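Colleague: Structure below; questions to follow.
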């Protein structure tokens, strides 16, 4: 019966893509400045360790069909743009059919560019069903919902000076295993002063306040509030002839209301791109911040993400990524080291279709019993936007 369901999903997906592929225009055009596109994908994935368990690894084939739509507003009309992207994942497992699920995702991004004022905003909602180093259940997957919103404002006072501020919001709510995992809300308030050192480089002096409210765990630990401050200096723009992005370095200070020792550490926040050649780009992300693990434990997180993209020709491309995250738990001696490696090859015969295949290796090394694992994943994916 399971094989029949997978075959049926495959046929539905292929038929949908075939019927849609003949259209080169948006599904719907609203006036001269709004377009509605179909934006969907279908993938077949093999996972060596579905539950990311240290022992009793279970492998399976997972078929995912993801129909979605994209609404673009403001095309050529003004300095304002808005896009809304939504996707519905239909996930089916070959053997572990009790894990079958449907997941909804939606995201909106907007921006405005004026002579002195720049605005950017985003909002998203995602349903997830997965395990990780910090969220792990034996022989089952953790379900949770994530709601996020961000607003950024920058005002140019003079040709040399500008001010930036905003607000960020993140909420995570667990759907199952609520006796083991803690819901939380995070609010962050950044403030930056930018000085134009050269026409291509800005220096910055900044401060960011963050507050995390961790809820009680049903029948378990009590909730608490964690506050932190990030005092930083940085730079952004074309930092070197082939290096663009931003870098902030400074001091992070934590204040917790649950009796934890208040402490500070080096803080980092960076997103850099090196355009080595017209065909090769290398991206580097750095972060050192306070965090909250799945069960509500306060942590100190350090992460490094390195990725590369190579354009072989107009139709073929390749990419690779390496990631490392160290998570130190403040309320125990637990320490996790997570490693991530991936390779992907893509083929785009035209502006509508994209086909790719990839391999991902994921490892969590922990001194906490039962929290270590290794996972290998292979996938084939087809994507259509029209």
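The values are calculated or read from the model by the stated rules, or taken from the named source; none is laboratory data. Every value quoted in this text rests on a predicted model; they were computed, and no experiment measured them. Please note: Cβ atoms are built from the backbone with ideal geometry, for glycine as well, and neighbour counts cover all protein chains shown.
Colleague: For region 113-133, does any single residue satisfy the condition of being assigned to a strand (DSSP E or B) and on the phi > 0 side of the Ramachandran plot?
Modeller: Kept after step one, since they are assigned to a strand (DSSP E or B), are these residues of region 113-133: 113, 117-130.
Next, from what is left, pick out any that are on the phi > 0 side of the Ramachandran plot: none.
No, region 113-133 contains no residue that is assigned to a strand (DSSP E or B) and on the phi > 0 side of the Ramachandran plot.
Colleague: Please enumerate the residues belonging to region 355-369 that are touching a residue at least 24 places away in the same chain (Cβ under 8 Å), crowded, with 16+ Cβ neighbours inside 10 Å and closer than 11 Å to residue 344 by Cβ.
Modeller: 356
Colleague: For region 178-229, how many residues meet the condition of being touching a residue at least 24 places away in the same chain (Cβ under 8 Å), under 27 Å from the mean Cα position of the chain (by Cα) and closer than 22 Å to residue 254 by Cβ?
Modeller: Within region 178-229, residues that are touching a residue at least 24 places away in the same chain (Cβ under 8 Å), under 27 Å from the mean Cα position of the chain (by Cα) and closer than 22 Å to residue 254 by Cβ number 30.
Colleague: Name every residue in region 287-316 that is in a loop (DSSP other than H, G, I, E, B) and within 30 Å of residue 221 (Cα to Cα), in order of residue number. Can you show your working first?
Modeller: Residues of region 287-316 that are in a loop (DSSP other than H, G, I, E, B), as a first pass: 293-297, 312-315.
Within region 287-316, 293, 294, 295, 296, 297 qualify.
Colleague: Is it fair to say residue 319 is in a strand (DSSP E or B), within 18 Å of the chain's Cα centre (by Cα) and farther than 19 Å from residue 131 by Cβ? Break it down into steps so the answer makes sense when it comes.
Modeller: On the way: in a strand (DSSP E or B): yes; within 18 Å of the chain's Cα centre (by Cα): yes; farther than 19 Å from residue 131 by Cβ: yes.
Spelling it out, residue 319 is indeed in a strand (DSSP E or B), within 18 Å of the chain's Cα centre (by Cα) and farther than 19 Å from residue 131 by Cβ.
Colleague: Here's something else I'd like to know. Failed condition for residue 249, given (1) surrounded by fewer than 17 Cβ atoms within 10 Å (Cβ to Cβ); (2) at pLDDT below 95; (3) in a strand (DSSP E or B), with all others met?
Modeller: Here residue 249 clears every test but (2).
Colleague: While we're looking at this one, here's another question. Which of the residues that make up region 194-209 are surrounded by fewer than 16 Cβ atoms within 10 Å (Cβ to Cβ) and within 21 Å of residue 150 (Cα to Cα)? It would help to see each step written out before you state the result.
Modeller: Quick first cut of region 194-209, residues surrounded by fewer than 16 Cβ atoms within 10 Å (Cβ to Cβ) only: 195, 197-201, 203, 205, 207, 209.
Scanning region 194-209 gives 205, 207, 209.
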